[in-house]
1. Restricting to Cα pairs below 8 Å that are 6+ residues apart, what does the relative contact order work out to for segment 242-314? Please round to a whole percent.
2. What list do you get for Val53, Val156 if you sort them by fewest beta carbons within 10 Å?
3. Place a +1 charge on the Cβ of each Lys and Arg in the chain and a -1 charge on the Cβ of each Asp and Glu, then give the dipole magnitude about the Cα centre in debye, rounded to the nearest 20.
4. Beta carbons within 10 angstrom, averaged per residue: use that to sort the peptides 111-121, 89-99, 279-289, 307-317, highest first.
5. Trypsin sites (Lys or Arg not before Pro), restricted to segment 193-227: which are DSSP loop and have at most 15 other Cβ atoms within 10 Å?
6. A 25 angstrom limit on the alpha carbon distance is what I want to check against. Which of Lys130/Lys227; Lys167/Lys297; Lys76/Lys206; Lys150/Lys227 exceed it?
7. What is the distance, in nm, between label points placed 7 Å from the Cα along the Cα-to-Cβ direction at Glu105 and at Met340?
8. Would you mind ranking Leu252, Leu71 so that the residue whose beta carbon has the fewest other beta carbons within 10 Å leads the list?
Amino acid sequence: MLRLISEEGKDDMLARGYSRRQMMRAAMMVGGAAATAFALAPEMAAAQEAEDVKVRISSNECWTGPMPIGLAAFVKTAPTSNRYSPNNERGNLIKAVSQIENVPEDHIMPWPGSNEALVRSIFAFCSPTKSLVQADPSYETMGRAASFLKVPIKNVPLTAAYSHDVKAMSAADANAGVLYVVNPNNVTSHLAAAGKDVLVNRTFSKIFGMAGARVGYVMGRPDLLQKLRLYDGGYLSNMLPVASVACATASLGDKATMAQRRKTLNENRAMTVDFLTKRNFKVIGSSEANMIMVDWKTKSAKDMQAAFRAQGVGIGRSWPTWPNVSRITIGSKQDMEGFMAAFNKVVSA
Ligand SMILES: Cc1ncc(COP(=O)(O)O)c(C=O)c1O
């Protein structure tokens, strides 16, 4: 199992105070020991929903498939998948990202999605003495990896306006290994190109409609990326599914489709928020994302999830800090109408 972490990676972990036992646990995580992998990937439980779920608004997936231009590239590349890299697909993705993000090519590292890179960031930058600092609630992958490795975690409540309290986060631990800000397009991102201690994670799982195709990338200083590479098992960030990568590269420049999807998403979210607020349910914060957090007030989110599920609607999970709040993905208009129809039955029941 330990072979899954490079010799250099093992030395690096030991030098930073990890025990051999913790290294073994890290290897279990990257080796995909089934129970561990499942526990780390927050979307998996809901994503594997039973077939009787007709409206899937649980896992922040996009309601539509890959962009047509990406799909054409996927179909064109798929027959050459007998080769590891028939047409330098990975290099082409890096070039395209470099142009669009205006970041040097050596600052870009593709991964299969973003979860894998998040887990590696804990190995690479935290240790038994260097904590993970995160908001509470937060996206769970980092926290789960840290607690599995027994890395200290500092949970910092959100502000009264439900944003990250970045001042409190930076004050939470002078010896932090990672400060995790999980907020799309947040202001730290341009610092990655400026050579600061910042890594930016991006994924094709959302607006590009490619969650199951598994492509994402990390941007940051080459020496920081090299630290992640110590824990990629020697291949994960290099040997990617070529058809998926070609799909991602072709989709990146399609600003018109992205704008159209964003417009539809905003309309469907506004319709859903309006529906809920008119019925006196609170939607937390002002979401600009493909999901909303709904406060059921006196009802537990787990019970509500089960009640919606009985109507064939799969809504998302809740977080321990907010047991009466559910995460609900914004889907197509039809999905959201399905959600509203189920709501009328669930809430009046
Ligand atoms: C904030 C955030 N980060 C990461 C992910 C993981 O997605 P992926 O590994 O598909 O990129 C998700 C998925 O919902 C997410 O919401």
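1. 18 percent.
2. Val53, Val156
3. 400
4. 111-121, 307-317, 89-99, 279-289
5. In loop regions of segment 193-227 (DSSP not H, G, I, E or B), the sparsely surrounded trypsin sites (Lys or Arg not before Pro) are Lys196.
6. As for pairs spanning more than 25 Å Cα to Cα, those are Lys167/Lys297.
7. Here the answer is 5.0 nm between the modelled labels.
8. Fewest to most other Cβ atoms nearby, the residues stand as Leu71, Leu252.
Each reported figure results from applying straightforward, stated rules to the coordinates on display, with no laboratory input. The model shown is predicted, which means the values in this text are computed figures rather than measured ones. Quick reminder, even Gly has a Cβ in these numbers, built from the backbone with ideal geometry, and neighbours come from all protein chains shown.
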